[in-house]
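Report on the following structure.
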Amino acid sequence: MPTSESETDSLPAINETRSALVAIDETIDKIDSALPAVRGLEASDTEMDELADKAQKTFDDLMDLGFNVDSRFASEIFAVAGTMLGHALTAKTAKMNKKLKMIELQMKKMKLDNDLAGSEEPKETAQGQVLNRNDLLERLLSQQKQNK
């Protein structure tokens, strides 16, 4: 039970903060549940690969055709071949950008998870010793002598 007027004034702010945190938690839970449900990412990769392969094959065919026709018609054929190569490059770039975006999102999620779990004690990942220069030199020299 609040005993002073300042505590009474802070209760609505605390309640608003709690309700906002609950809403944020619910939203995060919705996002987490939706992420694994995303399907068809591999299908998009194969479609982009197919488009790039078709564009490259068409480029090769048009280049062969351009070398076998009259020179006045070849320039248009070569221009279209260049466009096909551009489409192949665009498909490959879109695929790579999608993968990089997914990696970036995964890294952001891992960072957020680590930040939320930051209240835990840090885990040791390595062991070390503090040595002065002379101790280090002694150890190195003794290891050299043992190796010989």
Exercise. Taking the stretch 62-97, which residues are touching a helix residue (DSSP H, G or I) at 6+ places or on another chain (Cβ under 7 Å), part of a helix (DSSP H, G or I) and not small (Gly, Ala, Ser)?
Worked result: 62, 63, 65, 77, 78, 80, 84, 85, 87, 92, 95
For this session: Find all pairs meeting these conditions: Cβ atoms under 8 angstrom apart; at least six residues apart or on different chains; first residue within the stretch 48-73 and farther than 16 Å from residue 84 by Cα; second residue among the small types (Gly, Ala, Ser) and surrounded by 12 or more Cβ atoms within 10 Å (Cβ to Cβ).
Result: 67/74
For this session: Among the residues of the stretch 117-140, write down those that are surrounded by 10 or more Cβ atoms within 10 Å (Cβ to Cβ) and modelled with pLDDT under 85.
Result: 131
Problem set entry | Scan of the stretch 15-70 for residues that are surrounded by 10 or more Cβ atoms within 10 Å (Cβ to Cβ), of a type outside the set (A, V, I, L, M, F, W, C) and modelled with pLDDT of 85 or more, ordered by number | 50, 53, 54, 56, 57, 58, 60, 61, 64, 66
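The values are calculated or read from the model by the stated rules, or taken from the named source; none is laboratory data. Just so it is clear, the model here is predicted, and its values are computed rather than measured. Note: ideal-geometry Cβ built from the backbone for every residue, glycine included; neighbour counts use all protein chains shown.
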